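A quick write-up on the structure given underneath.
Read-outs throughout are calculated quantities, based only on the coordinates presented, and are distinct from any laboratory measurement. Since we're looking at a predicted model, the values are computed, not measured. No Cβ is skipped: glycine too gets one built from the backbone with ideal geometry, and neighbour counts run over all protein chains shown.
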Amino acid sequence: MHKLRFKKASFMVVIQQLIELAKGLNDNKEYIIEVKEYRPKRSKSQNDFCWELCTQIAKKLQLEHITENGRLITKEDIYCDHIERVGTSEFIAIPTKGVPTFKEKWESNGVGWLVKVMESRIPGTTKLQCYYGSSTYNTEEMTILLNSIVEDCKMYGIETDVRIKELLSA
């Protein structure tokens, strides 16, 4: 896969690069060219703020002795809950026998890499909703995640500091 990042002013240079790239393509295959707006990767400060807020919510719930299935709620639980609410995901269907291995491999990528198992209408397969962790997010996706977490902070009476405007507009 090739990605070309450019501004409108350099588009003719990109066209020339595409012509060169096309020379090496297989005549019997179809290809897709997609042009979309570039979004920078989420910042470290956005990530730090995310975990800071998740920690504050978890501490608040622990102080109030709120549990999930008899265990204290952790910052990871808060984070994963928000990933499921507003995070980036894809749906796939795979052979049912491969679900445990796929789920284990996917979720080993990190805390927010979640797999939700669902029924499939295709016999012998299982439908999966696969969530990406925020390490893959761009600034726009991370802002959506942070907004969701900030809403929970407000609901629990947790103050968010002045950095919020800066981080949510990143």
Spatially near lysine pairs across the range 44-168, Cα under 27 Å, sequence gap of 8 or more or different chains: 27
Virtual spin-label span in nm between A93 and S120, 7 Å along Cα→Cβ: 0.7 nm
Ordering of 64-71, 28-35 by packing [mean C-beta count within 10 Å, highest first]: 64-71, 28-35
J(HN,Hα) series, the range 90-102, from Karplus relation 6.51 cos²θ - 1.76 cosθ + 1.60, nearest Hz, glycine and proline x: 9, 9, 9, 10, 10, x, 3, 5, x, 4, x, 5, 4
Positive-end residue of T160, T126, T88, charge dipole of the range 44-168 with Cβ unit charges: T126
Cβ charges +1 (Lys, Arg) and -1 (Asp, Glu), total dipole of the chain, debye: 520 debye
Built amide H within the under 5 Å cut-off of T126, gap 5+: I94, T96
Cα gyration tensor shape for the chain, rounded if a/c is under 1.5, else prolate or oblate: oblate
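Run the helix sum for the chain: -39,500 (n - 2.57) per DSSP H stretch of 4+ residues, divided by residue count, reported at 222 nm to the nearest 500 deg cm²/dmol.
On the way: 6 runs with 77 residues, N = 170.
After summing the helix terms and dividing by residue count, I get -14500 deg cm²/dmol.
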Between helix 11-23 and the chain: long-axis angle, C-alpha atoms, 0 to 90°, nearest 10: 70 degrees
